[in-house]
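See structure below.
The values are calculated or read from the model by the stated rules, or taken from the named source; none is laboratory data. Here the structure is a predicted model, which means the values were calculated and not measured. Here the Cβ positions follow ideal geometry from the backbone for every residue, glycine too, while neighbour counts run over all protein chains shown.
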Amino acid sequence: MVYLHGAISETLRLYPSVPYEPKQSLKDDVLPSGHIVGRNTRVLVSIYSMGRMEDVWGKDWMEFRPERWVANKKINIIHVPSYKFAAFMAGPRSCSGRKIAYTQMKTIISCVLRKYKIDVVGDHPVVPLPSIMMFMRHGLKVRISSRTPVSTIINVVNSILPVDSVE
């Protein structure tokens, strides 16, 4: 489940479900870039862009790498500060349902992938269409096929190998 956690986090880094977050400053402030933000100024935080910043994610920022979220031979999840990975926002108003959301995503994904193989159709363009929620401009075309149940594989192996040959 650790690698699945990494795959989900990497997907949310590149394709956050909410790509933009409007904010309003409570007081005069200065952004890390040096830009001055006056009191009551409305600011649009682009979570989509933050997940694609080379300064934050490195030269491989556009590569889908679940490994960037796991450590120690895929045993531990790497904690990434919420101000770096803002898919669930950051600070005191960050998403309180983050852990529940991860649990639900892991449960659904593992149940679906256990029974089905899902492949993105190769010639179909995958173009994000950021709005209030993240969509794909042309949808996301996939091919779904049933996986062979493990019990079927075991029965085939048992029918090929004589019981006497197994020690």
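List of remarks:
- Boolean, residue 59 is outside any loop (DSSP other than H, G, I, E, B) and free of Cβ contacts under 8 Å to residues at least 24 places away in the same chain: no
- Hey, residue 81 within 19 Å of residue 19 (Cα to Cα), loosely packed, with under 12 Cβ neighbours inside 10 Å and not aliphatic (A, V, I, L, M) or not: yes
- Hey, residue 13 at pLDDT below 95 and surrounded by 14 or more Cβ atoms within 10 Å (Cβ to Cβ) or not: no
- Residue identified as over 12 Å from residue 14 (Cα atoms), surrounded by 15 or more Cβ atoms within 10 Å (Cβ to Cβ) and in contact with a His (Cβ under 9 Å, 6 or more places away or on another chain) among 70, 45, 37: 70
- Single residue of 101, 87 found to be surrounded by 12 or more Cβ atoms within 10 Å (Cβ to Cβ) and in a loop (DSSP other than H, G, I, E, B): 87
- Which listed residue is assigned to a strand (DSSP E or B), hydrophobic (A, V, I, L, M, F, W, C) and either in contact (Cβ under 8 Å) with a residue 40 or more places away in the chain or closer than 25 Å to residue 105 by Cα (or both), from 18, 80, 45: 45
- Exactly one residue out of 99, 84, 59 is over 16 Å from the mean Cα position of the chain (by Cα) and among the charged types (D, E, K, R): that is 59.
- The criterion of at least 1 residues that are on the phi > 0 side of the Ramachandran plot and surrounded by 10 or more Cβ atoms within 10 Å (Cβ to Cβ) is met by none of the strands (runs of 3 or more DSSP E) falling completely within region 115-156.
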